[in-house]
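First the structure, in the form of structure tokens, and then the observations on it.
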Amino acid sequence: MKKILLETIYRKKTSRRPLWIMRQAGRYLPEYRTLRKTHSFKDLSRSPDFATEVTLLPIKRFNLDAAIIFADIMSPVPSLGIDFDFDPGPVITNPISDNKDVDKLIETGSEEIAPEVMKAIAQTRSELSNEIALLGFCGAPWTLSAYLVEGKGNKDFPKLRSFLASEPEVMERLLEKITLHMISYLKSQVEAGVDAVQIFDSWAGLLSLDSWQRHIKPHLEFLLSEIGKTNVPRILFLQNAPHLISSYAALPSEVLAIDWRVNLSEIKNLYGKNRAIQGNLDPAILVAGPEVTRQETRKILKSVDPVGHIMNLGHGIMPSTPLESVDALIDEIHNEENR
Ligand code: 1CP
């Protein structure tokens, strides 16, 4: 059996568009909320058995074309020697503030980077049916550094941006170390059995084009080209960065994934000739209910050429999303030809 997600990535014609949902294993699922009553997020994500179970929850309930391994962008961070908690997002105990902090980051062998994630991948792959793709992921070097320097998610990340301006050399060393760590981490995921990897650059848009090209682009480009050697397709997701899309599109990746702020058919016409495009329904639409979800999904289906289009949201599904909206989205995708 072929995986329509992979077929679409390589721009083959398929019976319908593939669909998966960013953050599909999260708090909008009642089964997940029940598990969270008795276990912390850390407990769940650090146990291969729980991580496998949670990865499969959305697959059991919905007809989706990919599972994404239940972990967090912070999962490879403990092996760097950094302490943090979740509240609900990552909160770093001692954020990076100088060269000494960067010196302290541990350079480990790949077998020490989140071994629980590799076990969960192997277990999930063996339980998942053959036509469903399993996705691995990591945070982009910039997005991970954003948390490590700012200390937590924060509007416009002012501390991070000042740090880059005042300590560009420290930032350069931090990005270099994180990049090497992410390359090892993703390569291990590929060995453990993922079918594709997504690189989440959720905080891509914080910098000017000039600053991004000078400080960030070389690291991301190096990561992508190293992962390209594995021959597993790369999905590059950037969020809230319309001014950087053409630069991201020039980086090596099989799929460009974007948020809801931009017109997907324009993006596909501009950058989707030799690659696939993923996205981009506004997650807030689903919160508005199944009828609006149907209408807005149909608008995307009508305007975006199906060859090389992976349907998804433009960012993670919101915890307050009604399950009926997810059903409506799936129904629209599965019945596109009949409408
Ligand atoms: O149960 C809980 O309270 C924890 C909520 C939660 C979950 C379910 C967190 C904390 N992480 C996750 C899992 C997670 N995170 C997955 C697993 C797959 C899935 O949900 O289906 C993935 C792919 C991520 C990726 C992630 N984590 C990103 C990139 C994607 C995005 O949304 O932009 C980012 C930025 C994070 C950081 C993070 N971890 C958790 C939260 C709530 C956040 C974001 C909020 C913040 O910065 O404060």
Top mean-square fluctuation among Ala241, Ala288, Ala204, Gaussian network model of the chain, C-alpha springs under 10 Å?
Ala288
Heavy-atom accessible area per residue - the chain, 1.4 Å, Å²
42
Sort the following peptides by mean Cβ neighbour count (other Cβ atoms within 10 Å, averaged over residues), highest first: 39-46, 65-72.
65-72, 39-46
Rg/Rh (Cα only; Kirkwood hydrodynamic radius) as it applies to segment 137-182
0.96
Step through the residues of segment 65-72 one at a time and calculate ³J(HN,Hα) from phi using the Karplus curve (6.51 cos²θ - 1.76 cosθ + 1.60, θ = phi - 60°), rounding each to whole Hz and writing x for Gly and Pro.
9, 8, 10, 10, 4, 6, 7, 9
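What do you get for trypsin sites (Lys or Arg not before Pro) in segment 145-229 restricted to DSSP loop and a cutoff of at most 12 other Cβ within 10 Å of the site's Cβ?
On the way: sites: Lys152, Lys155, Lys159, Arg161, Arg173, Lys177, Lys187, Arg214, Lys229; in loops: Lys155, Lys229.
For trypsin sites (Lys or Arg not before Pro) across segment 145-229 that sit outside H, G, I, E and B with at most 12 neighbouring Cβ atoms in 10 Å, the list reads Lys155, Lys229.
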Relative to the Cα centre, what is the charge dipole magnitude of segment 4-338, using +1 at the beta carbon of each Lys and Arg, -1 at the beta carbon of each Asp and Glu, and rounding to the nearest 20 debye?
580
Run the helix sum for the chain: -39,500 (n - 2.57) per DSSP H stretch of 4+ residues, divided by residue count, reported at 222 nm to the nearest 500 deg cm²/dmol.
-13500 deg cm²/dmol
At a 10 angstrom cut-off on C-beta neighbours, averaged per residue, how do the peptides 105-115, 309-319 rank from highest to lowest?
309-319, 105-115
Averaging 1/r across every pair of distinct alpha carbons in the chain and inverting yields a Kirkwood hydrodynamic radius, in angstrom, of 20.2
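Can you give the % of DSSP beta bridges in the chain that are antiparallel, to the nearest 5? Mind showing how you got there, number by number?
Details: 4 of 30 bridges.
DSSP beta bridges in the chain are roughly 15 percent antiparallel.
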Cβ under 10 Å from Leu286's Cβ, Leu286 left aside: what net charge do those residues give with Lys, Arg +1 and Asp, Glu -1?
-3
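What is the sum of charges around Gly139, taking Lys and Arg as +1, Asp and Glu as -1, for the other residues whose C-beta is under 9 Å from the C-beta of Gly139?
Charge balance in the 9 Å sphere: -2.
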Tell me, what ³J(HN,Hα) does each residue in segment 276-292 have, in order and in whole Hz, if you take phi through Karplus 6.51 cos²θ - 1.76 cosθ + 1.60 with θ = phi - 60° and put x for Gly and Pro?
8, 10, 10, x, 8, 5, 5, x, 5, 4, 5, 5, 6, x, x, 5, 5
Net +/- balance of residues flanking Lys42 in space, Cβ distance below 10 Å, scoring K and R +1, D and E -1:
-2
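For segment 1-153, which semi-axes, largest first and in whole Å, follow from the square roots of 5 times the eigenvalues of its Cα gyration tensor?
31, 18, 15
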Could you work out what % of the accessible surface of segment 4-338 is carbon and sulfur, using a 1.4 angstrom probe and leaving DNA, RNA and ligands out of the count?
49
What percentages make up the Cα-Cα pair-distance distribution of segment 259-313 when the bins are 10 Å wide from 0?
26, 55, 18, 2
Alpha carbons only, please: Rg and Dmax for segment 149-227, in angstrom.
13.9, 42
Quick one: order Ile245, Ile285 from most to least accessible surface, probe 1.4 Å.
Ile285, Ile245
Set of lysines with alpha-carbon distance to Lys104 below 19 Å, sequence-local pairs under 8 removed:
Lys177
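The values are calculated or read from the model by the stated rules, or taken from the named source; none is laboratory data. What you are looking at is a predicted structure, and each value in this text was computed from that prediction instead of being measured. Heads up, the Cβs are rebuilt from the backbone with ideal geometry, glycines too, and the neighbour counts pull from every protein chain shown. Side chains are part of the model used for accessible areas, which takes the heavy atoms of the whole protein and leaves out ligands, DNA and RNA. Shrake-Rupley method; radii C 1.70, N 1.55, O 1.52, S 1.80 Å.
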